Amino acid sequence: MDLGIAGRRALVTAASKGLGRGCALALAEAGVHLTINARTKGPLEETAQALRDMGVEVTAVAADITTESGRAEVLDAAGAVDILVTNAGGPPPGLWSEWSRDDFIAALDANMLTPVALMQACLPGMMERGWGRVVNITSQSVRAPIPQLGLSNAARTGLTGFVAGTARQVAPKGVTINNLLPGIHDTDRAVSLDGGAAKAEGITPEEARTRREGTIPARRYGTAEEFGRTCAFLCSVHAGFIVGQNLLADGGATNLTM
Ligand code: NAP
């Protein structure tokens, strides 16, 4: 399927690895020029080169997207973007009774206020030009809480509320905002969460993974490639009537009727 977005310009944050990288690759596949970001230069440059090899223009900015100065640098390099995919690292696991105010502020900064600030920066231009797509990478924890990821449950639900109200205000100008909710995917983040679970339960990381796979109706972890292509579809011309939705990509793991 031709996604109809070749030649458009996209900003994908936190995109040197994992799900962000998957989204950048799928957008490049559709002919979209990219600005990508992450904090560590080496992997960022590797991903930038892989994208350039696909024939699109790529700007890579090494910066912490959760800081005001990092965002300013990234937004400045990106210029006018038609497509914004927001992403950042997820908060650490822990126990509800142990998180401090600082832990909550850090999670809110990374997983709520950063995507909000990026949208506030990019939406006016999209609306003026009469076309735009925003996809926020959030989490299945928005639909059903994950006990040890209370910081993620809290911060991402705040973002979801902001998107629900804002998506309806920008849609008249041809701009859509949607959230893409990953369940467990085969990335460094998953490996680290499996490592934590293994340590807590006295089993190996492989056992932790097998156990978790058994709880997913699809009986496997998702891949960054399939997640990225789902994101690219939401950014396509065909998805213009999908507004303010929260799309689960979780292999059926979240047990819901709707
Ligand atoms: P990942 O494989 O660990 O990759 C994270 C990417 O984000 C890397 O490129 C990393 O590069 C970059 N990054 C992290 N913090 C950043 C920051 N402050 N500024 C700029 N770039 C930053 O993670 P992932 O699995 O793709 O997860 C992406 C998001 O989806 C996370 O928020 C995660 O919590 C959420 N999620 C993931 C899963 C899953 O199963 N994978 C499930 C649900 C939700 P640098 O470290 O070099 O900055």
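The values are calculated or read from the model by the stated rules, or taken from the named source; none is laboratory data. Remember, predicted model here, so these are calculated numbers, not experimental data. Using ideal geometry, Cβ is built from the backbone for each residue, glycine included, and neighbour counts are taken over all protein chains shown. SASA here: full protein model, heavy atoms, side chains in, ligands and nucleic acids out. Shrake-Rupley method; radii C 1.70, N 1.55, O 1.52, S 1.80 Å.
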Inset, instruction - Please state which of the following conditions VAL191 fails to meet, knowing it meets all the rest: (1) surrounded by fewer than 21 Cβ atoms within 10 Å (Cβ to Cβ); (2) more than 20 Å from ALA15 (Cβ to Cβ). - result: (2)
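To keep it simple, each residue is scored yes or no on (1) touching a helix residue (DSSP H, G or I) at 6+ places or on another chain (Cβ under 7 Å); (2) in a helix (DSSP H, G or I); (3) open to solvent by 10 Å² or more (accessible area, probe 1.4 Å).
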{"site": "ASP102", "(1), (2), (3)": "no, yes, yes"}
{"site": "ILE105", "(1), (2), (3)": "no, yes, yes"}
{"site": "CYS122", "(1), (2), (3)": "no, yes, yes"}
{"site": "LEU149", "(1), (2), (3)": "yes, yes, yes"}
{"site": "LEU159", "(1), (2), (3)": "yes, yes, no"}
{"site": "ARG168", "(1), (2), (3)": "no, yes, yes"}
Legend entry - Filter result for the condition that a residue is acidic (Asp, Glu), open to solvent by less than 60 Å² (accessible area, probe 1.4 Å) and away from the ligand (no atom under 12 Å from the Cβ), over ASP76, ASP82: ASP82
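Residue-by-condition table, conditions (1) farther than 23 Å from LEU248 by Cα; (2) of a type outside the set (Phe, Trp, Tyr); (3) out of contact with any strand residue (DSSP E or B) (no Cβ under 8 Å at 6 or more places or on another chain); (4) near the ligand (Cβ under 10 Å from one of its atoms):
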| position | (1), (2), (3), (4) |
| --- | --- |
| ALA88 | no, yes, yes, yes |
| MET119 | no, yes, no, no |
| THR138 | no, yes, no, yes |
| ARG168 | no, yes, yes, no |
Inset, instruction - Output the number of the condition that ALA218 fails; it satisfies all remaining conditions of (1) in contact with a Lys or Arg (Cβ under 9 Å, 6 or more places away or on another chain); (2) open to solvent by 40 Å² or more (accessible area, probe 1.4 Å); (3) not polar (S, T, N, Q). - result: (1)
Legend entry - the range 229-255 residues that are within 15 Å of LEU3 (Cβ to Cβ) and in contact (Cβ under 8 Å) with a residue 12 or more places away in the chain, paired with ones that are among the β-branched types (Val, Ile, Thr) and open to solvent by 50 Å² or more (accessible area, probe 1.4 Å) (beta carbon under 7 Å, 6 or more apart): LEU234/ILE242
Inset, instruction - Given the conditions (1) closer than 24 Å to LEU113 by Cβ; (2) surrounded by fewer than 19 Cβ atoms within 10 Å (Cβ to Cβ); (3) among the small types (Gly, Ala, Ser); (4) more than 8 Å from the ligand (Cβ to nearest atom), report the number of the one that ALA24 does not fulfil. - result: (2)
Legend entry - Residue that is nearest to ALA249 (Cα to Cα) [pool: residues in the range 1-21 that are among the β-branched types (Val, Ile, Thr) and either open to solvent by 10 Å² or more (accessible area, probe 1.4 Å) or not in a strand (DSSP E or B) (or both)]: THR13
Inset, instruction - Would you mind finding the one in ILE105, ILE83 that is without any contact (Cβ under 8 Å) to a residue 24 or more places away in the chain and either of a type in the set (A, V, I, L, M, F, W, C) or under 18 Å from ARG9 (Cβ atoms) (or both)? - result: ILE105
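Every residue, every condition in (1) in contact with a strand residue (DSSP E or B) (Cβ under 7 Å, 6 or more places away or on another chain); (2) within 16 Å of the ligand (Cβ to nearest atom), yes or no:
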position	(1), (2)
ASN178	yes, yes
ASP188	no, yes
GLY202	no, no
ARG219	no, yes
ILE242	yes, no
Legend entry - Selected residue [under 26 Å from ILE5 (Cβ atoms) and either outside any helix (DSSP H, G or I) or not β-branched (Val, Ile, Thr) (or both)] from PRO91, PRO115: PRO115
Inset, instruction - Check whether at least one residue in the range 194-208 is touching a residue at least 12 places away in the same chain (Cβ under 8 Å), open to solvent by 30 Å² or more (accessible area, probe 1.4 Å) and assigned to a loop (DSSP other than H, G, I, E, B), and report yes or no. - result: no
Inset, instruction - Tell me, please, whether a residue that is among the basic types (Lys, Arg), open to solvent by 70 Å² or more (accessible area, probe 1.4 Å) and assigned to a loop (DSSP other than H, G, I, E, B) can be found in the range 34-48. - result: yes
